[in-house]
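Below is one structure, written out as structure tokens; the observations come after it.
The values are calculated or read from the model by the stated rules, or taken from the named source; none is laboratory data. A quick note: this is a predicted structure, and the numbers were derived from the prediction, not measured. Heads up, the Cβs are rebuilt from the backbone with ideal geometry, glycines too, and the neighbour counts pull from every protein chain shown. Only protein heavy atoms, including side chains, enter the accessible area calculation; ligands, DNA and RNA are left aside. Shrake-Rupley method; radii C 1.70, N 1.55, O 1.52, S 1.80 Å.
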Amino acid sequence: MSSIQPNEVFALVDCNSFYCSCERVFNPTLKNKPIVVLSNNDGCMVSLSKEAKALGLKMGAPVHEWKELIKQHNIAVYSSNYTLYGDLSARVMQILREFSPEMEIYSIDEAFLSLRGMSDRDLTAYGTLIRDTVYQCTGIPVSIGIGATKVLAKAANRIAKKQALGVFDLSDPSIHDEVLSGFELTDIWGIARRSAEKLKRLGIHNAKELRDAPDATIRRVLTIVGRRLQDELRGIPCMGLELGAKEKKQIISSRSFGKLISEIELIEESIASHVTRAAEKLRNQGLIAHHMIVFLHTNPFLERDHQYYNQAVRTFMNGSDHTPEMIRLGIDGLREIYRDGFKFKKAGVILGEIRPKLHQQRSLFDPPNHNQLDVLMTTLDSMNRRFGTEIVKFASCGTKKHWQMRAELRSQRYTTNWDELLDIEL
């Protein structure tokens, strides 16, 4: 649900170098030290601290190309710890809800707040209060941009990141000309490189010139989406907060293997684990799925003769969120598409035709233990939430998980795993 009200004021709260900041929360020796967090299988750099960026490291670059620089400057390198990052994100979002009754979670490290009705307050001071509270309660530093539209709030946030205070208020129209004149086109939320090139050919080089360009020209070059962006730069809200949960069309659970795998038994374990994770997501959101795609493929960079990709579809007649049934059909689908003689790089599942469980149609052909399975799933989820992820799991998921992606440099899951709590020596 998107809502736009008169006299809107938006704040965009963005966590600074979020993954790196999460690593610092439980390791204070990392303060002011360059940090790199790697992607799945420890391949590319997906998060850099400002100190690492200052040394010239590039986001998305393969880490092996920068080994010498990393060693030279003693840069701390970590595997992605999504369990820790997700938990700290939830804590940040919970704190932000205390400062506004209306909030849109835009990503794992960003949220828009409505500050409507606060125009008589010192918004910079209010933003500073939000920033200080988040840091005090979670240890995560944030930057806050404030503006009359979401695009202006995004622009203000970009400025806030460069200031010591970490808060910038762009809600005053009298400063728009000066600020927007210094904004490159590709710095504007929603303007990609190709769109910027089209605008430059028309003599439009910055955000102010885009804002003041003829409406018909922008609509012709950037369609109606560009026209709305232009109005947003003028302080006219065209995008309200997405207050309701977005309707999911599918749930994907997949990971690259830590090494190339040919044994079907190991791939079956991975499919069972992916199905388990996807089914948990369904139940947590009160949803059911009506079909599942199981897919499997080799390394796409190998020679053509060594490549293979296939998928199988399995249907749940009346929809399902029951892990045992989904694992059984998932492994059945895998056995249909598996081919001996190939070394596989990745496998996973995609759940589709997702609908609310409340709308589930029952059938005379439902298994007689359907209600008992509901109780079993509720009990299993409750135990895993209370005692730790996968404290109770299905045997088909395996125990050693030799297929798992590489995460040799992962930090501890300090907030979600009893065995990885922080140790303090007195």
message: Any residue that is under 18 Å from K161 (Cα atoms), small (G, A, S) and open to solvent by less than 40 Å² (accessible area, probe 1.4 Å) - is there at least one of those in the range 62-85?
response: no
Selection count, the range 328-355, where residues are closer than 23 Å to V392 by Cβ, open to solvent by 10 Å² or more (accessible area, probe 1.4 Å) and touching a residue at least 60 places away in the same chain (Cβ under 8 Å): 1
message: With the structure loaded, tell me whether V134 is open to solvent by less than 40 Å² (accessible area, probe 1.4 Å) and within 24 Å of A207 (Cβ to Cβ) or whether it fails that test.
response: no
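Among the residues of the range 118-130, count how many are open to solvent by 50 Å² or more (accessible area, probe 1.4 Å) and without any contact (Cβ under 8 Å) to a residue 40 or more places away in the chain.
Adding up the residues that qualify gives 5.
Just a yes or no: is a residue in the range 273-288 assigned to a strand (DSSP E or B), at pLDDT 90 or above, surrounded by 15 or more Cβ atoms within 10 Å (Cβ to Cβ) and in contact with a helix residue (DSSP H, G or I) (Cβ under 8 Å, 6 or more places away or on another chain)?
Yes, because at least one residue in the range 273-288 is assigned to a strand (DSSP E or B), at pLDDT 90 or above, surrounded by 15 or more Cβ atoms within 10 Å (Cβ to Cβ) and in contact with a helix residue (DSSP H, G or I) (Cβ under 8 Å, 6 or more places away or on another chain).
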task: Can you work out which of the residues in the range 336-374 that are assigned to a helix (DSSP H, G or I) and modelled with pLDDT of 90 or more is farthest from L260 (Cα to Cα)?
output: E336
query: Of all residues in the range 150-168, how many are more than 23 Å from the chain's Cα centre (by Cα) and crowded, with 23+ Cβ neighbours inside 10 Å?
result: 2
statement: Of (1) closer than 30 Å to E102 by Cα; (2) open to solvent by less than 60 Å² (accessible area, probe 1.4 Å), A196 satisfies every one except (1)
task: Test each condition in (1) in contact with a Gly (Cβ under 9 Å, 6 or more places away or on another chain); (2) at pLDDT below 95; (3) over 25 Å from L229 (Cα atoms) for R121 and report the one that comes out false.
output: (1)
- prompt: Does L358 satisfy being closer than 16 Å to L282 by Cβ, in contact (Cβ under 8 Å) with a residue 60 or more places away in the chain and loosely packed, with under 14 Cβ neighbours inside 10 Å?
  reply: yes
- prompt: Is there any pair with a first residue in the range 92-104 that is free of Cβ contacts under 8 Å to residues at least 12 places away in the same chain and under 14 Å from L243 (Cα atoms) and a second that is in a loop (DSSP other than H, G, I, E, B) and among the hydroxyl-bearing types (S, T, Y) whose Cβ atoms are under 8 Å apart and which are 6 or more apart or on different chains, and what are they?
  reply: none
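Conditions tested, residue by residue: (1) in a helix (DSSP H, G or I); (2) modelled with pLDDT under 95.
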residue	(1), (2)
K67	yes, yes
S80	no, yes
L84	yes, yes
M93	yes, no
L96	yes, no
I105	no, yes
- prompt: With respect to D109, is the statement that it is within 28 Å of S254 (Cα to Cα) and among the charged types (D, E, K, R) true?
  reply: yes
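Could you grab me the full set of residues in the range 399-426 that are closer than 23 Å to N284 by Cα and either among the small types (G, A, S) or surrounded by 13 or more Cβ atoms within 10 Å (Cβ to Cβ) (or both)? Full working, then the answer.
Step one: list which residues in the range 399-426 are closer than 23 Å to N284 by Cα, which gives 413-418.
Scanning the range 399-426 gives R413, Y414, T415, T416, N417.
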message: P324 - would you say it is more than 16 Å from E263 (Cα to Cα), open to solvent by 10 Å² or more (accessible area, probe 1.4 Å), in a helix (DSSP H, G or I) and modelled with pLDDT under 95?
response: yes
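Just one of S396, S411 is outside any loop (DSSP other than H, G, I, E, B) and under 27 Å from A347 (Cβ atoms); which is it?
Exactly one of S396, S411 is outside any loop (DSSP other than H, G, I, E, B) and under 27 Å from A347 (Cβ atoms), namely S396.
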- request: Say whether the condition of being open to solvent by less than 60 Å² (accessible area, probe 1.4 Å), in contact (Cβ under 8 Å) with a residue 24 or more places away in the chain, in a loop (DSSP other than H, G, I, E, B) and of a type in the set (S, T, N, Q) is met by at least one residue in the range 171-193.
  value: yes
message: Could you go through the range 293-306 and let me know if any residue there is touching a Ser or Thr at 6+ places or on another chain (Cβ under 7 Å), of a type outside the set (G, A, S), in a strand (DSSP E or B) and at pLDDT 90 or above.
response: no
query: Based on what the data block shows, is V151 without any contact (Cβ under 8 Å) to a residue 40 or more places away in the chain, farther than 24 Å from Y19 by Cβ and either touching a Gly at 6+ places or on another chain (Cβ under 8 Å) or not hydroxyl-bearing (S, T, Y) (or both)?
result: no
Residue match in the range 247-269 (condition: open to solvent by 80 Å² or more (accessible area, probe 1.4 Å), assigned to a helix (DSSP H, G or I) and without any contact (Cβ under 8 Å) to a residue 40 or more places away in the chain): yes
- line: Within the range 22-40, the count of residues that are closer than 28 Å to K345 by Cβ, touching a residue at least 60 places away in the same chain (Cβ under 8 Å) and surrounded by fewer than 19 Cβ atoms within 10 Å (Cβ to Cβ) comes to 1
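Listed here are the residues, each with its yes/no results for (1) β-branched (V, I, T); (2) modelled with pLDDT under 95; (3) under 30 Å from E390 (Cα atoms).
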position	(1), (2), (3)
I188	yes, yes, no
I191	yes, yes, no
K198	no, yes, no
K208	no, no, no
I236	yes, yes, no
K246	no, yes, yes
S253	no, yes, yes
S256	no, yes, yes
L260	no, yes, yes
